[in-house]
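Every read-out reported here was derived from the displayed coordinates using simple, explicitly stated rules and does not represent laboratory data. Please read all numbers here as calculations on a predicted model, not as lab measurements. Cβ placement follows ideal geometry from the backbone for every residue including glycine, while neighbour counts extend to all protein chains displayed.
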Amino acid sequence: MKFGKQLEISANPEWRDYYVQYKRLKRLIKRVAFEVEKQQNKQHKLQQKYEHESEAQLQVVVDETHPLLKSIVDEVQDAKNQFWEVTDANLKIVNDFYVGKIVKMQRSVREFEAMLQDEQTTTGHVHTRSRTHSQVDHSFAVLQDSYDTLVDLRTFIQINHSGFRKIVKKFDKTTKAHTLDTFMERLSNERFYASTEIDDLLERVFGLTSRDKLEAGNMERRMQRMQGDQNSLFRKVKPIPLGISLALFVLLLSVRITPKGEDAQQKCLAMLVFVTTLWVTEALPYFATALLVPCLVVFMNILNDKANPDRLLTPKQSAKEVMSALVNHTTILIMGGYSISAAFAKCQIELYIAAFLQRRFKKRPNLFLLAIMLMGLFLSMWISNHTAPVLCVSVLLPIIRDFPTNSTYAKTLLIGLAFACNLGGMMTPISSLQNTLAVSFLEKAGYTVTFGQWMALAVPFCTVGTILCWVFLLWVMDPQDAKYIPQIVYDQKQKISSLHVVVIALTLLTIFLWASFSVTSATFGDLGIISLMFMFVMFGTGMLSQFDFNSFSWHILFLIGGGNVLGEAVQRSGLLDTLSQSVIHALPSGNVWMVTVSLCGLVIGLTTFVSHTVASIILLPIIVEMAIQIGHPHIPVICCALAISAAMALPFSSFPNINSLLVLDDHGQPYLEVKDFLRVGVTFSLITVSLIVTLGYGLIVFVLGYNIDPTPIMIDP
C-alpha cells in the first residue's frame, strides 16, 4: 500500500492537520523534477543547435546564453528551497503538536496521582469514606482516555517519522542528492522523536490501574473506529445550529405569519427558513440538507396544482413533481461542463492553461487573481455561468492545492472566480437564465433587445464591475500569504496528438452551439441536449471512461437539485408571489430611476435567499408587467435581470458560488465557509446593485436611445 493511502487510513481523524503533508511534499518533489527536466531539455537543445560550431563561436554562445541558463538553474534551486521550507514547517507543526499533547497528558496524570494521594490518610490507609461507583467509573474513564491518547501519540510519532524518511528519500532519488542521513540525524534530535516521555507516562498510568483493562479498552475503541461506531454517524452534525434550526422551524409552524387560510405558504415559509438556516450554519453537510428538501416538500403537502392553484397535490402527485424538479436541464448542462473538464484533464489541457498563466504572473499573485477573474468572466459570457466555473476550477486546482486550507489567497481566488462568473452571467442573453427570460418576456410584450445591444451595454458594465470586484477583494481579504504562484507540473515530453485535436475541436463546437443557441434552438430545443451530444461522443468513443463519469461532483449536482425543488416549492405554494406582491405594492411612486432603484432593491433582497433561477422565473414576469405601466420597460427589466445575478451574499444563490464553496483540499476539507461569502458578499452585492442603477442605467439609456421623462409615475396595484 502506498504511504499516502496508509497515512489516510492510519491517521487520527481529529489530528489530521498535524501530520506530515505527504501529498503536498510529493507535489513539490515533482516540481523539482519538472525544473530539472526543463533545465536538461534547454541544455540539450543548445548542444544540438551549436554542436558544429567552432570553439570560439561556442564561447560566444555560452556567454550569450549564460543569463538564461542561470535563471533556469535558479528556478531549480528555488524549487528545492521551497521543498525544504515546507518540510521544516511540517517538522515544527508535528513537534509543536506533540509538545502540546504531552504537556496536557503530564498535567492530567499528575492531577490524578495527586487526587489518589489526597484520598489516603497520613498513615497511608485509604480514607474510610468509600468512593461511589460513578466516581470510580469516571476516574477509570479519565485514565482510559489518557492511555488512548498516549497510544495514539506514539502511533502519530511513528507515522510522521516514516513519512519524513520516505519523502526525503524520494527527494534524494529525484535530485540525485544525499541528504537523507543528515536529515535523519536531525530528526532523531527532535523532541517528538527523541523523547521517552510517552513511555514514562504509560508506566505511571499502568501503576494506577490494570494494564490489561486499559489495553482491552483501547482495542475496543480501535475496533469501533475501524467499523464506524454509533457516534461516527453524527460526526458531521453540529448539534447547537441544528437545534436552533429545528426551534425556528417549529416556531414558524406554530405562529401565523402568512395570510389566513394560506397554510401551504405558512409551511413553506417554515421550511424555507429551516433549510436556509441549516445551510448558513452548516449544521449538516450542504448536499445532505439539499436531499432533505424534496422529502419535506412531499411530507408537508406544499405544492399546488398548476391547473387549479387552489387545490393542493397529494403526496403521490407531489413526489412526481419533486423528482422531475430534482434533475432538470440545468443539471444536464452542468454535466456537460464536467465532461469538458474531464476531457481537458485527460489531455492535461487545463495544466497547460494554468502553466501559461503561472508563467505570466508568477511573481504577481494579485494580477494572477485578476487574470483568473477575467477568464471566468469571458467564459461565462459564451458558455453560461453554469459551465464556466467548472472549467475555471479545473485550471485553479493544481495551484490552490499547494496552499493550506486556511490560506487567505486560496479563499480570495475561489471567491473572486465565483463573483466574476456571476458578473459574467450578465454579459450576453445566453450567459444566464435570467438574461434569456428577460429578453423572452420583453419580446412577448412586444419589446426587443438584440444580442448586440445587450452586449454593448453589459460588456463595459461587467468589465468595470470585475475590476472593481478585484480591487474590493484585495482591500477586504488582503491576501498577503502568497508571494508567488507555484510552478505547474505537466508532461514536457507530451506532443499534440489526435486526441488533443479531437477534444479541442469538439469542445469548441459545443461552445459554439451553446453560444449560438438563439439561432439553433429550433433544432436542439434545449442547451442540455447539446451537452448530451458531447457526452455521448466522449463516452461512446472511449475518450472518457465510466470512471470519469463516476468522478463527477454529484454532491454539487444534488445540491443544485435541492435548490431547484426549494424554488419549485416557494413558487407553487404561492409564498414568493405573496412576498413579492406585498413588497411591490409598498414601493414608492417616482420617476423611472426611482422605481428601478426600488425594484432592484427588492430583487437583490429576495434573490439572496433563493436561487437566481427561481428568482428570475417568479419575479421577471411581474416586473415586466409593472415596467409596461411605467412606459420604459427595457430599463427596469434589464436592470432587474442584472440585479438577480448580483445576489452573491450567500453561497447557495448561484452555481458559481456553490462550485467554489465545495472545492476541497487534500484532506477533503473545504477552503471556503459560508461566513467567507457573507464577509464580502453582502457588501459587494450592494456595490454591484449601486453600479447597476448608476452606470448600468446610463448604459441602457445610451445604447437603447431612451429619452427619459423625469415626471413621477404611479404604479397600479
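Counting other beta carbons within 10 Å of each Cβ, put His632, His161 in order, fewest first.
His161, His632
Which whole-Hz couplings ³J(HN,Hα) result when phi for each residue of region 538-543 is put into the Karplus expression 6.51 cos²θ - 1.76 cosθ + 1.60, θ = phi - 60°, listed in order with x for Gly and Pro?
For region 538-543, the Karplus-derived couplings read 5, 7, x, 8, x, 5 Hz, x marking Gly and Pro.
Sort Thr613, Thr281, Thr694, Thr607 by Cβ crowding within 10 Å, fewest neighbours at the top.
Fewest-to-most Cβ neighbours within 10 Å comes out as Thr694, Thr281, Thr613, Thr607.
Taking the Cα centre as origin and putting +1 on Lys and Arg beta-carbons and -1 on Asp and Glu beta-carbons, what dipole magnitude results for region 239-326, to the nearest 20 debye?
My answer is approximately 160 debye.
Quick one: which of Lys166/Lys362; Lys26/Lys101; Lys80/Lys166; Lys169/Lys362; Lys5/Lys80; Lys30/Lys411 span more than 22 angstrom between C-alpha atoms?
Violating the 22 Å Cα-Cα cut-off are Lys166/Lys362; Lys26/Lys101; Lys169/Lys362; Lys5/Lys80; Lys30/Lys411.
Once you've got the Cα coordinates, tell me which of Lys2/Lys173; Lys23/Lys238; Lys267/Lys316; Lys176/Lys346; Lys23/Lys92 are over 20 Å apart.
Too far apart for the 20 Å limit: Lys23/Lys238; Lys176/Lys346.
Express the C-alpha Rg of region 239-326 as a ratio against the empirical globular expectation 2.2 N^0.38 Å, rounded to two decimals.
1.13
For the pair Ala89 and Lys483, what calculated FRET efficiency results from E = 1/(1 + (r/R0)^6), where r is the Cβ-Cβ distance and R0 = 22 Å, to the nearest 0.05?
On the way: r = 14 Å, r/R0 = 0.65.
Given R0 = 22 Å and the Cβ-Cβ separation, E is 0.95.
How many times 2.2 N^0.38 Å is the alpha carbon radius of gyration of region 136-198?
Compactness ratio reported: 1.60.
May I ask you to sort Thr412, Thr149 by Cβ crowding, counting other Cβ atoms within 10 Å and putting the fewest first?
Starting with the residue having the fewest Cβ neighbours, the order is Thr149, Thr412.
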